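S.K.: Below: one structure in structure tokens.
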Amino acid sequence: MKNRVVVTGLGVCAPNGVGLENFSKALNSGQSGIKFFSELKELNFSCQIAGKPNIENIDLNQYFSKVQLKDLNANGLLYGVIAGVDAWNDATLEKSTAETPDWDAGIIFGTGILGVDKFRESIYKLDKGDVRRLGSTSVIQTMASGISAYLGGILGCGNQVTTNSSACTTGTEAILMGFERIQEGKAKRMLVGSCSDSGPYVWGGFDAMRILPRNYNDNPEAASRPMSATAAGFVPGSGAGALVLESLESALERGAKIYGEILGGAVNSGGQRAGGSMTAPNNTAVQRCIQEALSNAAVSADAIDAINGHLTATSKDPVEIDNWKQALQRKGGEFPYINSFKSQIGHCLAAAGSIECVGTMLQLDQQVLFRNANCEDVHPDILKLVPTDKIPKKTLNFPVKIIAKASFGFGDVNACLIFSTYTE
């Protein structure tokens, strides 16, 4: 018998809210975290808006020691530690203060690129010949696994502590990896999630690809428009999301709050064949990933109450909806409710899946479906597949039991998770 895996802690550092309460209120009301940044205008970006968590009023001393804060210049690492420690605290778990680490607790925390501002700072010093002025933390702030290393040391985890990186599927993939480790009995608790740096050195490449909206610099909150006929590209975002996964036995033993359960999931790749490319999905692979997730979770397609889609506000949104329809073999009024949080937070890249999974768990916990913003004019190709009432424009009180969450990323990679309310 494989272990059942439940979610006992949540943490988030998102553009529209830092902390569970702020994030939940923002999703419920449709509050946007997308803003104009003069720095992007000065650098001649076409898209001068983005989603960036506001951590100016966060007391970082609650998360880092004075030694760790010295010369710390990696905002993705800041976001990840804030979300990760908050999730650990939310699960009412203690940091290991003994010399012996907690052998039953591990971390899988992903990122796409870490410490790009620190890397830039280091390059300038190196070019000036100031090698000795790099500081002792330049390596750990710029290596991808720096985020899991920081969290592992702060919390004292002795099980697997690692970092994954799979473009925009990173966060969803990390959750699946942690789920599988607990399911197989290799760990009791896993802190899982992902983070993404903010700033022009991360977003610039996407601006150069001309896939970001350029006509909303004066109206940033209306710019991210998943499923809309007037969608003009994705708005870049950043931040971090974190979940504490735990074996059901461990959670019950310590009387932990259970937000919900992970029933299963799947990852795959389209191999950049049959229409798939570095930037576009192989539709057959997307459909197979969804179906394999259902199979792994032992859930029928008819049991899916809602979908939290990848849905980035590009021309591929109608294609994604069609892939869900094909995979689930549900159309018209039989199609599940569907939403996308990117209308409020933008596309948070490597952090997207984890932030959106936190929102998905909040929907299960609160028995609601959060609203879709900026899609009053649903794309006509989507309306051929799904009735407009399945794309809620206001937050709905709804007895949701099972939600499918998917992420798709550059490199033609896919991930899908099946979340459920917890029942004995």
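S.K.: Taking the simple approach of a point 7 Å from Cα along Cα-to-Cβ for both TYR124 and GLN329, what is their distance in nm?
M.R.: 6.0 nm
S.K.: Set Lys and Arg Cβ to +1 and Asp and Glu Cβ to -1, take the dipole of the chain about its Cα centre, and tell me which of PRO399, VAL319, ALA352 lies farthest positive.
M.R.: VAL319
S.K.: Subtract the Cα-Cα distance of ALA229 and GLN62 from 0.36 nm times their separation in residues, and report this length gain in nm to one decimal.
M.R.: That pair, ALA229 and GLN62, stretches by 55.7 nm at full extension.
S.K.: Quote to one decimal, in nm, the extra length available between MET1 and LEU134 on full extension: 0.36 nm per residue of separation minus the C-alpha distance between them.
M.R.: 42.7 nm
S.K.: Would you please give the residues with an amide H less than 5 Å from that of HIS347, counting only those at least 5 places away or on a separate chain, with H modeled from the backbone geometry?
M.R.: VAL235, GLY237
S.K.: Oh, and also: Return, ordered by residue number, the residues of the stretch 146-181 whose backbone nitrogen is under 17 Å from a label point located 7 Å along Cα→Cβ of ILE113.
M.R.: Output list for this probe position: 146-147, 165-170.
S.K.: Of all GluC sites (Glu not before Pro) in the stretch 1-83, which ones are in loop regions per DSSP and have a Cβ with at most 12 other Cβ atoms within 10 Å?
M.R.: Numbers: sites: GLU21, GLU39, GLU42, GLU56; in loops: GLU56.
Sparse-neighbourhood loop GluC sites (Glu not before Pro): GLU56.
S.K.: Let me ask another. Sequence-distant or interchain residues sharing an amide H contact under 5 Å with VAL378, placed H: which?
M.R.: ALA229
S.K.: Let me check against my output: what whole-number percent is the relative contact order of the chain, with C-alpha pairs under 8 Å and at least 6 apart?
M.R.: Details: 1083 pairs, mean separation 100.9, N = 424.
Rounded, it is 24 percent for the chain.
S.K.: Turning to a different aspect of this structure: What is the sum of charges, Lys and Arg at +1 and Asp and Glu at -1, for the other residues whose Cβ falls under 10 Å from the Cβ of GLY353?
M.R.: Net of charged neighbours comes to -1.
S.K.: Counting other Cβ atoms within 10 Å, which trypsin sites (Lys or Arg not before Pro) in the stretch 142-234 have at most 16 and lie in a DSSP loop?
M.R.: LYS186, ARG210, ARG214
S.K.: Could you list the residues of the stretch 223-252 with an amide nitrogen less than 14 Å from a label point located 7 Å from the Cα of SER38 in the Cα-to-C-beta direction?
M.R.: Zone members listed by number: none at all.
S.K.: Take the solvent-accessible surface of the protein heavy atoms, probe 1.4 Å, and return the percent of it on the stretch 173-314 that carbon and sulfur atoms account for.
M.R.: It is 44 percent, rounded to a whole number.
S.K.: Still on this structure, I have one more. Computed on alpha carbon atoms, what radius of gyration and Dmax characterise the stretch 90-247, expressed in Å?
M.R.: My reading of the Cα-based Rg and Dmax gives 19.1, 58 Å.
S.K.: Something else: Tally Lys and Arg at +1 and Asp and Glu at -1 over the other residues with C-beta under 13 Å from the C-beta of ASP59: what net charge comes out?
M.R.: Value of the local net charge: -1.
S.K.: In nm, give the distance between the simple-model label positions of SER295 and LYS186, each being 7 Å from the Cα along the Cα-to-Cβ direction.
M.R.: So the two model labels end up 2.2 nm from each other.
S.K.: Per residue, how much accessible area does the chain have with a 1.4 Å probe, in Å²?
M.R.: Accessible area per residue: 40 Å².
S.K.: Could you pull out the pairs from LYS325/LYS384; LYS325/LYS390; LYS95/LYS405; LYS25/LYS188; LYS331/LYS405 whose alpha carbons sit more than 22 Å apart here?
M.R.: LYS95/LYS405; LYS25/LYS188
S.K.: Using a ≥ b ≥ c from the Cα gyration tensor of the chain (square roots of the eigenvalues), is it rounded, prolate or oblate, where a/c under 1.5 gives rounded and otherwise the larger of a/b and b/c decides, a/b for prolate?
M.R.: Working: a/c = 1.66, a/b = 1.12, b/c = 1.49.
The shape class here is oblate.
S.K.: Hand me the trypsin sites (Lys or Arg not before Pro) from the stretch 350-424 located in a DSSP loop with no more than 14 other Cβ atoms within 10 Å, in residue order please.
M.R.: Those that pass, being in a loop and sparsely packed, are LYS384, LYS394.
S.K.: Out of the total accessible area of the stretch 79-155 (probe 1.4 Å, heavy atoms of protein only), what percent is carbon and sulfur?
M.R.: Percent of accessible area from carbon and sulfur atoms in the stretch 79-155: 53.
The values are calculated or read from the model by the stated rules, or taken from the named source; none is laboratory data. Keep in mind that this is a model prediction, so the values were computed, not measured. A quick note on method: Cβ atoms are made from the backbone with ideal geometry, for glycine too, and the neighbour counts reach across all protein chains shown. Heavy atoms of the whole protein, side chains included, go into the accessibility calculation; ligands, DNA and RNA do not. Shrake-Rupley method; radii C 1.70, N 1.55, O 1.52, S 1.80 Å.
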